[in-house]
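Here's the structure, in structure tokens; my notes come after.
The values are calculated or read from the model by the stated rules, or taken from the named source; none is laboratory data. Bear in mind that the values here come from a model prediction, so they are computed numbers and not experimental data. Note that we place each Cβ from the backbone using ideal geometry, even for glycine, and neighbour counts take in every protein chain shown. These area figures cover heavy atoms from the full protein model, side chains too; ligands, DNA and RNA do not enter into them. Shrake-Rupley method; radii C 1.70, N 1.55, O 1.52, S 1.80 Å.
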Amino acid sequence: MEPYRIKVVEPIPFPTRAEREAALKRTAYNPFALQADEVTIDLLSDSGTGAISADQLAAGMQADESYAGSRSYYRWHDVVSELTGYPHILPTHQGRAAERILFSALLKPGTSVLSNTHFDTTRANVELTGCQAYDLPCAEAKDLDSDYPFKGNIDLIALEQALENTHQRPVAAVLMTITNNGGGGQPVAMENLHRTAEVCRRHDVPLILDAARFAENAWLVTQREPGYANRTPRQVAEEAFRLADGCVVSAKKDGIVHIGGFIGLKDPELAERCEGLLIATEGFTTYGGLAGRDLDMMARGLLEVTEPSYLAERADIAAYLAARIREAGVDIVEPSGLHALYLNAGRLLPHIPPHQYPGTALVCELYRRGGIRSAELGTLYLGEEDEQGNTIKTAPYELVRLALPRRVYTRSHYDHVAATLADIAKDPESVSGYRVTGQSPVLRHFSIKLEPVQSGG
């Protein structure tokens, strides 16, 4: 059972089917454009959507809002330094700010970054520097149905080959995302991380962690990797941070806060360049765009998130929803993780071709029938079109992510999600595809405009 009791509650909206239909049409079938009071169960993201604890709220009430050198900063700094072991720690208002600052200071046009998988904003921040982002997921990640425990791993052979052939495009950094969000929320094994670190040291290339979900990765290591069963999640997380040369973290995930992030680094010169950018664009070094209360609540959240009882319950409720979804006749990326479940929309809706976005079709149908908001991770997210709007690149898989906010929804809420999916699975051919009517050249899925494809269209 949950290792907490509920002290404060918030009503959730129950718009009618007609109201949901109208909302979809008004927003051009883009879930990001829906208003929160039009959504019953919101699984769009686990970023900044969790419930804070009483201790976090109490810590925020004791915050020091001094512009420079606040007590809140030093309390936060002590927690992050102890967790990561990095001598240079900089606060930012969220993860993508940390990415922008670090990549601006580290990357140069014409170079590349190698990763197990870049997530969307990470890739955008890499490419905005004039650098190229390359994904090197392990071969096991291609089989969505296998129970291989560490599909988030990087392909070590491909990594070695890429680092040995840098004459045309030098590699500026290797970025390991834990857990691998873009790769189905799958964890990275410590063995894989150790070997990646060794390869990077041998080629004198910095290894950076995208550690937004470091605690969930550590939990899965303790559950799945030989030799780690008697280690605590905190010990595994500390080991992971110390293997890398630095990190970027969105604390809106495993910091269990609504806003916040940080950069951690070993290199003093790189840290100095980042600090200059931080002061110019985010705020002074000791607040980084955050209020003192945010720093104090983040510090407390970073301690709570590695508690085994918290992580065990988070894993249990994710497994509960995964089992209910399977019972509904819908396949997910296996094995199920913690922060999200990834539905195989392409398999559920095989009559919808990739250029009509089966993932988007399932996203819209989940909202239409159940008021459930989710996110597409398929051809809309990863694909490309030519100037005439013809799809020239499709995603390898058509997925829908159900991101699970921390300490927010109960099993009965997730029963509703599973029941809605079961209703869709009874008659999947009734679901239609979509076409793009307007898009942005960067991160198009955030502001995309779509319309349904009529039968035979």
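General observations
- Accessible surface of D331, taken over heavy atoms with a 1.4 Å probe and every protein chain present, rounds to 70 Å².
- Relative packing of peptides 85-93, 256-264 - highest average C-beta neighbours within 10 Å first: 256-264, 85-93
- The residues of the chain expose on average 42 square angstrom of accessible surface per residue, using a 1.4 Å probe on protein heavy atoms.
- This structure gives Cα extents along the principal axes in Å, computed directly, and of (i) 61, 57, 45; (ii) 59, 51, 48; (iii) 66, 48, 41 that value is listed as (i).
- Projected-area average for the stretch 133-251 over all orientations - Cα convex hull basis, square nanometres: 7.2 nm²
- Only lysines eight or more places from K393 in sequence, or on another chain, were considered; those with a Cα closer than 25 Å are K142, K151, K449.
- The stretch 155-218 - Kirkwood radius from inverse mean 1/r over Cα pairs (Å): 12.4 Å
- Using Cβ point charges alone (K and R +1, D and E -1), the dipole size of the stretch 191-254 about the Cα centre works out to roughly 120 debye.
- Helix-only mean residue ellipticity at 222 nm for the chain, each DSSP H run of n ≥ 4 adding -39500 (n - 2.57), per residue, nearest 500: -12000 deg cm²/dmol
- Of all lysines in the structure, the ones whose alpha carbon falls short of 20 Å from that of K266, not counting any fewer than 8 places away in one chain, are K108.
- Accessible area of the chain belonging to carbon and sulfur atoms, whole % at 1.4 Å probe: 51 percent
- Positive-pole candidate from V400, A425, F284, dipole of the chain, charges at beta carbon: A425
- Of all lysines in the structure, the ones whose alpha carbon falls short of 25 Å from that of K7, not counting any fewer than 8 places away in one chain, are K252, K253.
- Theoretical gain in end-to-end length, S104 to A425 [0.36 nm per residue, Cα-Cα removed]: 111.0 nm
- Near the amide H of R435, within less than 5 Å, lie the amide hydrogens of E451, V453, all on another chain or at least 5 residues away, with H placed in the peptide plane.
- Paramagnetic reach from A158 (point 7 Å along Cα→Cβ, amide N under 12 Å) across the stretch 113-139: 114-118, 134-139
- Relative contact order of the chain, pairs being alpha-carbon contacts under 8 Å that are 6 or more residues apart, as %: 22 percent
- Other-chain or far-sequence residues with amide H under 5 Å of E385's (modelled H): I392
- A protection proxy built from the mean count of other Cβ atoms within 10 Å ranks the segments 101-111, 54-64, 1-11, 172-182, most packed first, as 172-182, 101-111, 54-64, 1-11.
- Charge dipole (debye, nearest 20) of the chain; +1 at Cβ of Lys and Arg, -1 at Cβ of Asp and Glu: 560 debye
- Counting every pair of alpha carbons in the stretch 356-424, the share spaced more than 18 Å apart comes to 46 percent.
- Size of charge dipole - the stretch 302-355 - debye, nearest 20, with Cβ of Lys, Arg +1 and Asp, Glu -1, no other charges: 280 debye
- Here the calculated FRET efficiency for E127 and T437, from their Cβ-Cβ distance with R0 = 30 Å, stands at 0.75, rounded to the nearest 0.05.
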